[in-house]
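The values are calculated or read from the model by the stated rules, or taken from the named source; none is laboratory data. It should be emphasised that the depicted structure is a prediction, and the values quoted were computed from it without experimental measurement. Because the Cβ atoms are built from the backbone with ideal geometry, glycine has one as well, and the counts that use them run over all protein chains shown. Accessible surface areas use protein heavy atoms only, side chains included; no ligands, DNA or RNA. Shrake-Rupley method; radii C 1.70, N 1.55, O 1.52, S 1.80 Å.
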Amino acid sequence: GAVVSQHPSRVICKSGTSVKIECRSLDFQATTMFWYRQFPKQSLMLMATSNEGSKATYEQGVEKDKFLINHASLTLSTLTVTSAHPEDSSFYICSAAGGGNTDTQYFGPGTRLTVL
Amino acid sequence: GENVEQHPSTLSVQEGDSAVIKCTYSDSASNYFPWYKQELGKRPQLIIDIRSNVGEKKDQRIAVTLNKTAKHFSLHITETQPEDSAVYFCAASMSGNQFYFGTGTSLTVIP
(Lines give C-alpha, C1' and ligand atoms only; values in the text may rest on other atoms or scores of the structure.)
Protein backbone atom coordinates (compact mmCIF):
# COMPACT_ATOMS: atom_id res chain seq x y z
CA GLY A 1 0.00 0.00 0.00
CA ALA A 2 0.86 3.74 -0.08
CA VAL A 3 2.27 3.81 -3.60
CA VAL A 4 2.94 7.10 -5.33
CA SER A 5 3.72 7.34 -9.01
CA GLN A 6 5.22 10.21 -10.91
CA HIS A 7 5.31 10.86 -14.63
CA PRO A 8 7.45 11.38 -16.59
CA SER A 9 10.53 9.96 -14.93
CA ARG A 10 12.83 11.93 -17.17
CA VAL A 11 12.28 14.88 -19.50
CA ILE A 12 14.55 16.97 -21.66
CA CYS A 13 13.18 20.18 -23.10
CA LYS A 14 14.29 23.34 -24.81
CA SER A 15 14.60 26.59 -22.95
CA GLY A 16 11.33 28.54 -22.95
CA THR A 17 9.00 25.55 -23.09
CA SER A 18 6.68 24.37 -20.32
CA VAL A 19 6.82 20.97 -18.70
CA LYS A 20 4.08 19.23 -16.75
CA ILE A 21 4.83 16.61 -14.11
CA GLU A 22 2.10 14.40 -12.68
CA CYS A 23 2.00 12.89 -9.22
CA ARG A 24 -0.54 10.21 -8.41
CA SER A 25 -1.38 8.29 -5.27
CA LEU A 26 -2.30 4.86 -6.60
CA ASP A 27 -3.91 3.09 -3.69
CA PHE A 28 -4.95 5.78 -1.26
CA GLN A 29 -6.51 9.20 -1.21
CA ALA A 30 -3.95 11.89 -0.56
CA THR A 31 -5.33 14.76 1.44
CA THR A 32 -2.13 16.67 0.91
CA MET A 33 0.62 16.47 -1.66
CA PHE A 34 4.01 18.11 -1.51
CA TRP A 35 6.46 19.10 -4.21
CA TYR A 36 10.19 19.08 -3.61
CA ARG A 37 13.25 19.96 -5.58
CA GLN A 38 16.52 18.18 -5.00
CA PHE A 39 19.94 19.18 -6.31
CA PRO A 40 22.74 16.61 -6.55
CA LYS A 41 24.01 15.50 -3.16
CA GLN A 42 21.68 17.88 -1.38
CA SER A 43 18.59 17.59 0.74
CA LEU A 44 14.99 17.87 -0.39
CA MET A 45 13.82 21.46 -0.64
CA LEU A 46 10.09 21.91 -0.16
CA MET A 47 8.60 24.02 -2.93
CA ALA A 48 4.91 23.94 -2.15
CA THR A 49 2.13 22.18 -0.30
CA SER A 50 -0.91 21.21 -2.29
CA ASN A 51 -4.37 20.46 -0.91
CA GLU A 52 -7.14 19.11 -3.10
CA GLY A 53 -9.53 21.79 -4.22
CA SER A 54 -7.58 24.74 -2.88
CA LYS A 55 -4.65 26.87 -3.92
CA ALA A 56 -1.19 25.58 -3.20
CA THR A 57 0.91 27.13 -0.48
CA TYR A 58 4.34 28.07 -1.76
CA GLU A 59 7.50 28.27 0.28
CA GLN A 60 9.37 31.53 0.45
CA GLY A 61 11.43 32.18 -2.64
CA VAL A 62 9.45 29.85 -4.90
CA GLU A 63 7.75 31.67 -7.77
CA LYS A 64 4.14 30.56 -7.93
CA ASP A 65 3.72 31.89 -11.46
CA LYS A 66 6.64 29.81 -12.64
CA PHE A 67 5.81 26.61 -10.80
CA LEU A 68 2.09 26.09 -11.28
CA ILE A 69 0.51 23.49 -9.06
CA ASN A 70 -2.92 22.00 -9.58
CA HIS A 71 -4.40 19.46 -7.17
CA ALA A 72 -7.39 18.34 -9.20
CA SER A 73 -8.41 15.32 -7.15
CA LEU A 74 -7.48 13.34 -4.07
CA THR A 75 -5.18 11.19 -6.18
CA LEU A 76 -3.60 13.65 -8.62
CA SER A 77 -1.44 16.73 -8.35
CA THR A 78 0.45 18.34 -11.21
CA LEU A 79 3.44 20.66 -11.28
CA THR A 80 3.98 22.73 -14.40
CA VAL A 81 7.32 24.41 -14.86
CA THR A 82 6.53 27.34 -17.14
CA SER A 83 9.04 28.90 -19.52
CA ALA A 84 11.74 26.57 -18.29
CA HIS A 85 15.36 27.70 -18.23
CA PRO A 86 18.57 25.73 -17.70
CA GLU A 87 18.67 26.76 -14.04
CA ASP A 88 15.37 24.91 -13.56
CA SER A 89 17.13 21.65 -14.34
CA SER A 90 16.79 19.50 -11.25
CA PHE A 91 15.24 16.40 -9.71
CA TYR A 92 11.63 17.09 -8.79
CA ILE A 93 9.95 14.75 -6.30
CA CYS A 94 6.40 14.73 -5.09
CA SER A 95 5.06 13.14 -1.95
CA ALA A 96 1.59 12.35 -0.70
CA ALA A 97 0.18 12.21 2.79
CA GLY A 98 -2.93 10.24 3.65
CA GLY A 99 -4.02 6.66 3.71
CA GLY A 100 -3.59 4.79 6.94
CA ASN A 101 -0.84 7.02 8.27
CA THR A 102 -1.69 10.66 7.82
CA ASP A 103 1.50 11.80 9.51
CA THR A 104 3.99 10.44 7.06
CA GLN A 105 4.69 11.17 3.43
CA TYR A 106 5.16 8.66 0.66
CA PHE A 107 7.40 9.76 -2.15
CA GLY A 108 7.11 9.40 -5.87
CA PRO A 109 10.11 8.16 -7.88
CA GLY A 110 11.03 11.65 -9.01
CA THR A 111 11.36 13.40 -12.34
CA ARG A 112 14.71 14.38 -13.76
CA LEU A 113 14.23 17.63 -15.69
CA THR A 114 16.95 18.83 -18.03
CA VAL A 115 16.47 22.14 -19.78
CA LEU A 116 18.75 22.73 -22.72
CA GLY B 1 10.00 28.06 11.56
CA GLU B 2 11.52 24.68 12.23
CA ASN B 3 15.26 24.15 11.72
CA VAL B 4 16.64 20.63 11.53
CA GLU B 5 20.34 19.94 11.71
CA GLN B 6 21.85 16.57 10.90
CA HIS B 7 25.30 15.12 11.63
CA PRO B 8 27.53 13.77 10.32
CA SER B 9 27.26 14.61 6.65
CA THR B 10 29.29 11.54 5.71
CA LEU B 11 29.88 8.34 7.62
CA SER B 12 31.93 5.29 6.77
CA VAL B 13 31.74 2.11 8.83
CA GLN B 14 33.03 -1.42 8.48
CA GLU B 15 30.47 -4.07 7.69
CA GLY B 16 29.02 -5.42 10.90
CA ASP B 17 29.68 -2.27 12.90
CA SER B 18 27.01 0.13 14.08
CA ALA B 19 26.16 3.51 12.56
CA VAL B 20 24.60 6.43 14.40
CA ILE B 21 23.17 9.55 12.81
CA LYS B 22 21.99 12.46 14.92
CA CYS B 23 19.49 15.25 14.32
CA THR B 24 18.40 18.24 16.32
CA TYR B 25 15.30 20.34 15.84
CA SER B 26 14.29 23.76 17.06
CA ASP B 27 10.49 23.81 17.29
CA SER B 28 9.17 22.14 20.43
CA ALA B 29 5.78 21.81 18.73
CA SER B 30 7.16 19.21 16.30
CA ASN B 31 5.79 15.81 17.22
CA TYR B 32 6.59 13.47 14.35
CA PHE B 33 10.08 12.41 13.29
CA PRO B 34 10.56 10.12 10.29
CA TRP B 35 13.77 8.79 8.82
CA TYR B 36 14.18 8.20 5.10
CA LYS B 37 16.74 6.25 3.12
CA GLN B 38 17.51 7.41 -0.40
CA GLU B 39 19.63 5.49 -2.87
CA LEU B 40 21.19 7.33 -5.78
CA GLY B 41 18.57 8.51 -8.26
CA LYS B 42 15.72 6.90 -6.37
CA ARG B 43 12.90 8.04 -4.16
CA PRO B 44 13.29 8.47 -0.41
CA GLN B 45 11.92 5.43 1.42
CA LEU B 46 10.55 5.63 4.94
CA ILE B 47 12.55 3.29 7.15
CA ILE B 48 11.33 4.18 10.63
CA ASP B 49 9.46 6.94 12.39
CA ILE B 50 8.76 8.01 15.95
CA ARG B 51 6.19 10.21 17.58
CA SER B 52 6.81 12.51 20.48
CA ASN B 53 4.94 10.36 22.98
CA VAL B 54 7.55 7.62 22.59
CA GLY B 55 11.23 7.68 23.56
CA GLU B 56 12.49 4.79 21.50
CA LYS B 57 11.36 2.56 18.67
CA LYS B 58 13.06 -0.44 17.16
CA ASP B 59 12.57 -2.43 13.98
CA GLN B 60 15.05 -5.27 13.57
CA ARG B 61 18.47 -3.66 12.99
CA ILE B 62 17.13 -0.11 13.00
CA ALA B 63 16.23 1.95 16.03
CA VAL B 64 15.37 5.56 16.67
CA THR B 65 15.62 7.42 19.96
CA LEU B 66 14.02 10.73 20.82
CA ASN B 67 14.90 13.19 23.56
CA LYS B 68 12.13 15.81 23.61
CA THR B 69 13.75 17.87 26.32
CA ALA B 70 16.98 18.25 24.40
CA LYS B 71 15.17 18.32 21.06
CA HIS B 72 17.27 15.70 19.40
CA PHE B 73 16.70 12.30 17.87
CA SER B 74 19.02 9.66 16.51
CA LEU B 75 19.02 6.78 14.08
CA HIS B 76 20.91 3.65 15.04
CA ILE B 77 21.74 0.92 12.56
CA THR B 78 23.33 -2.21 13.98
CA GLU B 79 25.17 -4.99 12.16
CA THR B 80 25.52 -2.82 9.09
CA GLN B 81 25.55 -4.41 5.66
CA PRO B 82 26.76 -3.06 2.29
CA GLU B 83 23.15 -2.61 1.18
CA ASP B 84 22.69 -0.10 4.00
CA SER B 85 24.90 2.27 2.01
CA ALA B 86 22.73 5.24 1.00
CA VAL B 87 21.86 8.77 2.01
CA TYR B 88 19.73 9.05 5.12
CA PHE B 89 17.51 12.02 5.91
CA CYS B 90 15.83 12.88 9.15
CA ALA B 91 12.79 15.14 9.29
CA ALA B 92 10.64 16.88 11.83
CA SER B 93 7.04 17.94 11.52
CA MET B 94 3.82 18.66 13.30
CA SER B 95 1.31 15.96 12.47
CA GLY B 96 -0.08 16.32 9.00
CA ASN B 97 2.01 19.33 8.12
CA GLN B 98 5.09 19.85 5.99
CA PHE B 99 8.33 18.08 6.78
CA TYR B 100 11.51 19.92 7.55
CA PHE B 101 14.38 17.76 6.38
CA GLY B 102 17.90 17.54 7.65
CA THR B 103 20.77 17.96 5.24
CA GLY B 104 21.37 14.23 4.87
CA THR B 105 24.06 11.75 5.83
CA SER B 106 25.87 9.72 3.21
CA LEU B 107 26.53 6.33 4.78
CA THR B 108 29.08 3.97 3.27
CA VAL B 109 29.40 0.44 4.62
CA ILE B 110 32.77 -1.04 3.72
CA PRO B 111 32.68 -4.79 3.08
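At a glance:
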{"item": "Loop-exposed trypsin sites (Lys or Arg not before Pro) per DSSP, neighbour cap 11 Cβ within 10 angstrom, longest uninterrupted part of chain A", "result": "A:42-116"}
{"item": "Relative pair counts by distance (%), Cα atoms of the stretch A:45-116, 5 Å bins", "result": "3, 15, 24, 27, 19, 8, 3, 1, 0"}
{"item": "Average projected area [Cα convex hull, chain B], square nanometres", "result": "6.5 nm²"}
{"item": "Charge tally in the Cβ shell below 12 Å around B:E15, where Lys, Arg are +1 and Asp, Glu are -1, B:E15 excluded", "result": "-4"}
{"item": "Those Cys residues of chain A for which no other cysteine Cβ falls under 4.7 Å", "result": "A:C13"}
{"item": "Label point distance in nm, B:E83-B:S12, each placed 7 Å from Cα along Cα→Cβ", "result": "2.4 nm"}
{"item": "Per-selection Rg to Rh, the stretch B:1-66 - Cα, Kirkwood hydrodynamic radius", "result": "0.97"}
{"item": "Within the accessible area of the stretch A:69-116 (1.4 Å probe), percent carbon and sulfur", "result": "56 percent"}
{"item": "Radius of gyration and Dmax over the Cα atoms of the stretch B:35-84, both given in Å", "result": "12.2, 36"}
{"item": "Neighbourhood charge, 14 Å Cβ-Cβ cut-off, centred on B:T103 and excluding it, Lys, Arg +1 and Asp, Glu -1", "result": "0"}
{"item": "Average accessible area per residue (Å²) across the stretch A:54-116 - probe 1.4 Å, nucleic acids and ligands excluded", "result": "43 Å²"}
{"item": "Selected from A:T57, A:T75, A:T49 as most flexible by GNM, with chain A as the system and alpha-carbon contacts under 10 Å", "result": "A:T57"}
{"item": "Accessible area (Å², 1.4 Å probe, nearest 10) - B:E39", "result": "80 Å²"}
{"item": "Rough spin-label spacing in nm, given labels placed 7 Å along Cα→Cβ, for A:L68 and A:S9", "result": "2.8 nm"}
{"item": "Accessible surface buried once A binds B (1.4 Å probe; total of both sides; Å²)", "result": "1500 Å²"}
{"item": "Length-normalised contact order for chain A - Cα pairs under 8 Å, 6+ apart - percent", "result": "37 percent"}
{"item": "Electrostatic dipole magnitude of chain A [Cβ: Lys, Arg +1; Asp, Glu -1; Cα centre; debye, to 20]", "result": "320 debye"}
{"item": "Farthest positive-ward along the protein assembly as shown dipole, Cα basis, beta-carbon charges - from B:F73, A:M45, B:F89", "result": "A:M45"}
{"item": "Per-residue SASA entry for B:H72, accessible area with 1.4 Å probe, Å² rounded to 10", "result": "70 Å²"}
{"item": "Spatial separation of Cα centroids for the stretch A:34-93 and the stretch B:58-89, in angstrom", "result": "29 Å"}
{"item": "Compactness relative to 2.2 N^0.38 Å, alpha carbon Rg of the protein assembly as shown", "result": "1.02"}
{"item": "Heavy-atom accessible surface of the stretch B:44-111: percent carbon and sulfur, 1.4 Å", "result": "48 percent"}
{"item": "Derived scalar couplings ³J(HN,Hα) [the stretch A:45-53; Karplus, 6.51 cos²θ - 1.76 cosθ + 1.60; whole Hz; x for Gly, Pro]", "result": "9, 5, 9, 6, 10, 10, 10, 4, x"}
{"item": "Value of Rg to Rh for the stretch A:1-85 (Rh from inverse mean 1/r over Cα pairs, i.e. Kirkwood)", "result": "0.96"}
{"item": "Heavy-atom accessible area ranking, 1.4 Å probe, most first, across A:T111, B:T103", "result": "B:T103, A:T111"}
